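The values are calculated or read from the model by the stated rules, or taken from the named source; none is laboratory data. Here the structure is a predicted model, which means the values were calculated and not measured. Don't worry about glycine lacking a Cβ; one is built from the backbone with ideal geometry, like all the others, and counts go over all protein chains shown.
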Protein chains: 4
Amino acid sequence: MAAPRAWAVVAGVGPGTGASVARKFAQSYSVALLARKAENYEPVVNEINNGGGQAIGISTDVADENSVKNAFKVLQEHLGQGKLAAAIFNVGGKFVRKGFMELSLEDFESGWEANGRGAFLFSQAALPLLQDAVAASNHPPTLIFTSATAAMKGSARCAAFATGKFAMRALAQSLAREFGPAGIHVNHAIIDGVIDIERTKHYQFDHEDAKIKPEAIADTYWWIHTQPRTCFTNEIDIRPYVEKW
Amino acid sequence: MAAPRAWAVVAGVGPGTGASVARKFAQSYSVALLARKAENYEPVVNEINNGGGQAIGISTDVADENSVKNAFKVLQEHLGQGKLAAAIFNVGGKFVRKGFMELSLEDFESGWEANGRGAFLFSQAALPLLQDAVAASNHPPTLIFTSATAAMKGSARCAAFATGKFAMRALAQSLAREFGPAGIHVNHAIIDGVIDIERTKHYQFDHEDAKIKPEAIADTYWWIHTQPRTCFTNEIDIRPYVEKW
Amino acid sequence: MAAPRAWAVVAGVGPGTGASVARKFAQSYSVALLARKAENYEPVVNEINNGGGQAIGISTDVADENSVKNAFKVLQEHLGQGKLAAAIFNVGGKFVRKGFMELSLEDFESGWEANGRGAFLFSQAALPLLQDAVAASNHPPTLIFTSATAAMKGSARCAAFATGKFAMRALAQSLAREFGPAGIHVNHAIIDGVIDIERTKHYQFDHEDAKIKPEAIADTYWWIHTQPRTCFTNEIDIRPYVEKW
Amino acid sequence: MAAPRAWAVVAGVGPGTGASVARKFAQSYSVALLARKAENYEPVVNEINNGGGQAIGISTDVADENSVKNAFKVLQEHLGQGKLAAAIFNVGGKFVRKGFMELSLEDFESGWEANGRGAFLFSQAALPLLQDAVAASNHPPTLIFTSATAAMKGSARCAAFATGKFAMRALAQSLAREFGPAGIHVNHAIIDGVIDIERTKHYQFDHEDAKIKPEAIADTYWWIHTQPRTCFTNEIDIRPYVEKW
């Protein structure tokens, strides 16, 4: 009898990076896709299931403790004897660009809620499952955080977004140091550039391929996942060849 | 008739750095000391007033929007025609050191509440007053954040504290870039070592002077405040000569 | 008629990383292996040629301008109509660990000679060939520098090694920014840990797999080479799961 | 009988930062000024001596071992029973901005020669004298390196300068870690902006005070020198209020 399929969970699935990551991991694993609204994950869930893969979608607000607990309860019911091999936190949160004095407290905390609290709730739910998969997995169970340039530099008028991403980077480092020795691979992926999705179609650049293809990000995440434990990459930057940095 | 005295406001006044900073700035300015409990600021307020300086204390919870608004309303009543020359955010927050899976959401968010939300509320209340002081001040109006090594490195079991301090660093950078050109000096001060206060008296070191004297931090803050606008320091590290780093 | 085979050149081939990188790239390309002494590259050259690959070895002192020029003259003669798809600079140089006052000028400059001057000479020889390969290559032509933790932190008693590695990182960043827009992928790879080779066999660790397998580094380099130009990684860290950082 | 005067040595004295640093330290110490050409230090030496201070000039090529040894031999003869309280390495070196393929080896190594080899030779000559001053000094003996943004970021077309400054930063960190516990204060000062000197007079900016006053850098260096050993700053950034960073 075949071993039960391993799973990956991806939080933050819309038409961009999340969908591409889901498709890529669905080539090897069953996938659970989390997004606030079903309309965000449904097209990808259907596409994967119709293509011979296995996918489920769970409506989840990652900044809400009960919602995340519920999502992982549903996931565990599906897991059965299977294991969670990978968890990808791909929640961007609202991007607020405003002068500091124009920020409401709600504006300011939106970065934290998605990238701090959300990343915490997701990690705390996923890590016990990832730990449970260490002995059984082909690749070290992996937790990846999609991050941004704003994790490295606090720009003017970006306080809300940068505080959230800086916090996420701190969390990723802390988890890498605590759970690495237990065999779990934690990675903080700095996406430095515009991602080539529907929403950015109108961004014009002087060069071809100046936007990051979400499929290339997905390939990178999969590759990180396959690194053996003698060779973990804990932080990676990704940018188009013409990006200024 | 003499010009009205300039003011400094210090949030986070206990027996350590906050008190020393208050004493130092009180040599030149009137000072407003913010702490959650009156018992924390009262001894310093009395000491300064008895020594010929001018100090007031305001009970404030920096993580509470109304409390901060109220504190600055009280401060403005005292300011009168005076100007706010310096604002020092010295709130450490609870230091939680726990394995990640032992953290409650409340534990985890305590770092953000003090160092993220608290720093935001304090900055948003202080910056209009600092801007109003640019033309009139001897030294560029200054906003200093007391930070820590945890702003640079997310250690294992320190996720709650590190996320807060990383976020504070992002905020400090963003404010420095937005308000520097307006003549306001924003500084992120990384205190890397044990501060020599009552609470750390029992920490034993192999060398003399292995803890940071809070008076030396206060001297450093005052010196940062006196830098002219052609020569701002936006990030500074402070550590004892024997500290490993 | 088949297109002429593409080539990779690897400088710094001994029994460790260099040999593994050579083996990996030899699965797809012809490879030229540079080392000071023929005894360092010969076993790998023979192994690759006997295994159906194509390899040449060229005795080269990377810190010597004429020696590097000669090596690339030999390489170009072999290239013929082929293209140089990848260049890996894997020269460590002497590791000097001494109190600063015990360093001779020669000791101190040994880090620069290998990692600064050597990296410069190698890059200046390789880049025109890599540029010439942009249009014809399956993957963006790639220049990778094997680096170390010492590129990020200058430790006590490691001034000679750290100055060389810091300089190499500066060079890698500068080249990435200048040649990235021309379609060349430049990467600075921070190897943070002990590599598992003959020379480190006696290093004892408390955990299995606590040393980095050179084959895993080679896999990583190959993967970096295959990234498309919409998704370059310019700096990567690599460490075993139990490494302190 | 009065104690013999303490000394400071400044390498790299021209009309800018070096001269201002010399003037500032000459208010408290005798000063030795090193520059390649006498015409660079002579005006400042005369100005200080005519103003009641004590200064000597020594023609020195900091990249030449014998020249540096000779300079410190001359300095020691002047020191007599006096102590060396501070050593400032302010040698910029040639600023080469060229496409990488246009760099000669000589161009490329010019950054290293000034900021790597020069900083090494100066440090190795100064440190024994600074160590000898630890017990007797009012302030911890201090070694300051004037650095630049290029120590933090390798920009395109700046490989020669950036490799030198990265190397200098590595050296400064290594020395801070080795000699800090012996009571010597080592600081790496990142000057991020245009300095306001004769040579930059024609640089136009939209704002007043957009260039860094060399006197303000000198004040900063003096302040660093006066920090007590419980509170060392090992890295400091300095930039004008309107500088982009």
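Quick notes
- Checklist (1) closer than 20 Å to B:Phe108 by Cβ; (2) within 8 Å of chain B (Cβ to nearest Cβ) applied to A:Ala182, failing item: (2)
- Only one entry in C:Phe120, C:Phe161, C:Phe166 is more than 13 Å from the chain's Cα centre (by Cα), buried (at least 23 other Cβ atoms within 10 Å of the Cβ), at pLDDT 95 or above and closer than 30 Å to C:Gly57 by Cβ, namely C:Phe161.
- Any hit, region C:97-109, residues being buried (at least 21 other Cβ atoms within 10 Å of the Cβ), touching a residue at least 12 places away in the same chain (Cβ under 8 Å), under 17 Å from C:Val62 (Cβ atoms) and not basic (Lys, Arg): yes
- When we screen D:Ile184, D:Ile144, D:Ile197 for residues that are modelled with pLDDT under 95, more than 26 Å from B:Pro141 (Cα to Cα) and within 17 Å of the chain's Cα centre (by Cα), the only hit is D:Ile197.
- The set of residues in region A:123-153 being among the polar types (S, T, N, Q) and within 11 Å of chain B (Cβ to nearest Cβ) consists of A:Ser123, A:Gln124, A:Gln131.
- Taken over region D:14-52, the criterion of being part of a helix (DSSP H, G or I), out of contact with any Asp or Glu (no Cβ under 7 Å at 6 or more places or on another chain), of a type outside the set (Val, Ile, Thr) and closer than 23 Å to D:His139 by Cα is satisfied by D:Gly18, D:Ala19, D:Ala22, D:Arg23, D:Phe25, D:Ala26.
- For region D:220-232, filtering for residues that are facing chain B (nearest Cβ under 8 Å), surrounded by fewer than 22 Cβ atoms within 10 Å (Cβ to Cβ) and either touching a residue at least 24 places away in the same chain (Cβ under 8 Å) or of a type in the set (A, V, I, L, M) (or both) leaves 2.
- Looking across region B:108-122, the residues that are more than 10 Å from every other protein chain (Cβ to nearest Cβ) and of a type outside the set (A, V, I, L, M, F, W, C) come down to B:Ser110, B:Gly118.
- Of the residues A:Ala156, A:Ala189, the single one that is of a type outside the set (Lys, Arg) and at the interface with chain B (Cβ under 9 Å from one of its Cβ atoms) is A:Ala156.
- Unmet criterion (only one of (1) surrounded by fewer than 21 Cβ atoms within 10 Å (Cβ to Cβ); (2) away from chain B (no Cβ under 14 Å); (3) assigned to a helix (DSSP H, G or I)) for A:Asn66: (2)
- Flag for A:Val91 being crowded, with 23+ Cβ neighbours inside 10 Å and in a loop (DSSP other than H, G, I, E, B): yes
This table checks each residue for (1) in contact with a Cys (Cβ under 7 Å, 6 or more places away or on another chain); (2) surrounded by fewer than 20 Cβ atoms within 10 Å (Cβ to Cβ); (3) more than 9 Å from chain A (Cβ to nearest Cβ).
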residue: C:Val194; (1), (2), (3): no, yes, yes
residue: C:Asp206; (1), (2), (3): no, yes, yes
residue: C:Ile217; (1), (2), (3): yes, no, no
residue: C:Ile238; (1), (2), (3): yes, no, no
residue: C:Trp245; (1), (2), (3): no, yes, no
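- Across region A:30-53, the number of residues qualifying as touching a residue at least 40 places away in the same chain (Cβ under 8 Å), surrounded by 24 or more Cβ atoms within 10 Å (Cβ to Cβ) and touching a Lys or Arg at 6+ places or on another chain (Cβ under 8 Å) comes to 0.
- Checklist (1) buried (at least 21 other Cβ atoms within 10 Å of the Cβ); (2) in contact with a strand residue (DSSP E or B) (Cβ under 7 Å, 6 or more places away or on another chain) applied to B:Trp112, failing item: (2)
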